[in-house]
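Report on one structure; see the data block that follows.
The values are calculated or read from the model by the stated rules, or taken from the named source; none is laboratory data. Please read all numbers here as calculations on a predicted model, not as lab measurements. Virtual Cβ from ideal backbone geometry, glycine too; neighbours counted across all protein chains shown.
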Amino acid sequence: MILTLVTVVLPVFLVIGAGFAAARTGLFKPGAVDGLMVFAQNFAVPCLLFRGIADLDLGANFDPRLLFAFYAGALICFALAILGERRIFGRRPGEAVAIGFGALFSNSLLLGIPIMARAYGPDSLAPNFAIIAIHAPLCYLIGITVMEFTRADGRGLAGTAAAVARSMFRNALMIGLALGFAVNLSGFDLPEPIRVAVGMMADSALPAALFGLGGVLTRYAIRAQLGEAGLIAVLSLVLHPAIAYGLAHHVFALPADFVRSAVVTAAMAPGVNAYVFASLYSRGQAQAASAVLLATGLSVFTVSAWLVLLGGVR
């Protein structure tokens, strides 16, 4: 079992670690990190999402119970993070939302997909894509809405709706998802050369993104905010997947592949978008960065523990 876990989980984090080491030693320059992440996030990963959604059996995998099991946990953890930041650490409302966003936004794509694929094979990813299809737009919608109605200088309902719409329509990942849905729903059969080209781009997405993520993590540090980062890490790595497991397995009795997708995706550390969100509002950036770094490091162990548990799901 231990050897199996090592062969499943460790390669993903070794790629991240290689990017981290290369950037830390100066072999991977900051400009190169930025360039690789632009390629991954604006071109390769959108192709991965496009392919995943275009080929997805929507009727079989867009199960409301699956989505509820994942997103109920995310919302509960977001609320608890805000409450903890306010009551325990004395943060102002806007700061609490900015930091708490890390407990809402799992790294479902750059970490969740490769770990799921290595643990259960590429054919296991369909429920993951169902979750990911609404992950970024829903989390940003919730995060921006709560922020705008919480902070003293908020924009109100109309301004919030406009901000969300601008963010979504300009995002390459959202464009990739939208085009995938268009192809899927229309029944259009892509010409073979285009399908192969998209596949080549998609196959490069995860290695490039993981290596680039390692380089990006060198820009963060765990400073005096260890307690706050620890709160987000516990909510993200322990409570969120526990809620997803309880709902998916015990309440809804979903098939094992749905349970695994819900729990593995929920067990991921906060994505870099947690820091991006905090930076968008200039609130809690250091705490958000610390949470991303700490939780990503700890997830090597917590993800392994969840995979052990999921091995018994039938």
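Which residues, taken from segment 249-265, are buried (at least 24 other Cβ atoms within 10 Å of the Cβ), out of contact with any Gly (no Cβ under 8 Å at 6 or more places or on another chain) and of a type in the set (Val, Ile, Thr)? Scanning segment 249-265 gives Val259, Val263.
Does at least one position in segment 217-239 carry a residue that is part of a helix (DSSP H, G or I), aromatic (Phe, Trp, Tyr), within 19 Å of the chain's Cα centre (by Cα) and crowded, with 19+ Cβ neighbours inside 10 Å?
Initial filter on segment 217-239 (part of a helix (DSSP H, G or I)): 217, 226-239.
From the residues that got through so far, the ones that are aromatic (Phe, Trp, Tyr) too are none.
No, segment 217-239 has no match at all.
Of the residues making up segment 262-280, those that are under 21 Å from Tyr220 (Cβ atoms) and part of a helix (DSSP H, G or I) number 8. The set of residues in segment 247-283 being modelled with pLDDT under 90, charged (D, E, K, R) and under 17 Å from the mean Cα position of the chain (by Cα) is empty.
Look at (1) in a helix (DSSP H, G or I); (2) modelled with pLDDT of 85 or more and you find that Asp189 fails only one, number (1).
Scanning segment 19-35 for residues that are closer than 30 Å to Val308 by Cα and either crowded, with 17+ Cβ neighbours inside 10 Å or β-branched (Val, Ile, Thr) (or both) turns up Gly19, Phe20.
Scoring Ser204 on the criteria (1) under 16 Å from the mean Cα position of the chain (by Cα); (2) at pLDDT below 95 leaves a single failure, condition (1). Residues that are in a loop (DSSP other than H, G, I, E, B) and either over 22 Å from Ala72 (Cα atoms) or among the charged types (D, E, K, R) (or both) within segment 281-314 comprise Ser282, Arg283, Gly284, Gly311, Gly312, Arg314, listed in sequence order.
Can you tell me which residues in segment 261-294 are under 21 Å from Gly246 (Cβ atoms) and aliphatic (A, V, I, L, M)? Of everything in segment 261-294, those that are under 21 Å from Gly246 (Cβ atoms) and aliphatic (A, V, I, L, M) turn out to be Ala262, Val263, Val264, Ala266, Ala267, Met268, Ala269.
With respect to the conditions (1) surrounded by fewer than 20 Cβ atoms within 10 Å (Cβ to Cβ); (2) over 19 Å from the mean Cα position of the chain (by Cα), Val38 falls short on a single one, namely (2).
Could we say that Leu48 is in contact (Cβ under 8 Å) with a residue 60 or more places away in the chain, within 19 Å of the chain's Cα centre (by Cα), surrounded by fewer than 19 Cβ atoms within 10 Å (Cβ to Cβ) and assigned to a helix (DSSP H, G or I) here? It is false that Leu48 is in contact (Cβ under 8 Å) with a residue 60 or more places away in the chain, within 19 Å of the chain's Cα centre (by Cα), surrounded by fewer than 19 Cβ atoms within 10 Å (Cβ to Cβ) and assigned to a helix (DSSP H, G or I). Answer yes or no: is there a residue in segment 124-131 that is part of a helix (DSSP H, G or I), crowded, with 24+ Cβ neighbours inside 10 Å and over 14 Å from the mean Cα position of the chain (by Cα). Yes, that holds for at least one residue.
Would it be correct to say that Val263 is out of contact with any strand residue (DSSP E or B) (no Cβ under 6 Å at 6 or more places or on another chain) and either charged (D, E, K, R) or within 17 Å of Ile115 (Cβ to Cβ) (or both)?
Values: out of contact with any strand residue (DSSP E or B) (no Cβ under 6 Å at 6 or more places or on another chain): yes; either charged (D, E, K, R) or within 17 Å of Ile115 (Cβ to Cβ) (or both): yes.
Spelling it out, Val263 is indeed out of contact with any strand residue (DSSP E or B) (no Cβ under 6 Å at 6 or more places or on another chain) and either charged (D, E, K, R) or within 17 Å of Ile115 (Cβ to Cβ) (or both).
Please tell me if Thr302 is over 27 Å from Gly90 (Cα atoms), crowded, with 19+ Cβ neighbours inside 10 Å and not acidic (Asp, Glu). Yes. Against the criterion of being touching a helix residue (DSSP H, G or I) at 6+ places or on another chain (Cβ under 9 Å), of a type outside the set (Val, Ile, Thr), loosely packed, with under 14 Cβ neighbours inside 10 Å and within 30 Å of Ala242 (Cα to Cα), Leu83 qualifies.
Please tell me if Gly59 is in contact (Cβ under 8 Å) with a residue 60 or more places away in the chain and either in a helix (DSSP H, G or I) or aromatic (Phe, Trp, Tyr) (or both). Break it down into steps so the answer makes sense when it comes.
Numbers: in contact (Cβ under 8 Å) with a residue 60 or more places away in the chain: no; either in a helix (DSSP H, G or I) or aromatic (Phe, Trp, Tyr) (or both): yes.
Against the criterion (in contact (Cβ under 8 Å) with a residue 60 or more places away in the chain and either in a helix (DSSP H, G or I) or aromatic (Phe, Trp, Tyr) (or both)), Gly59 does not qualify.
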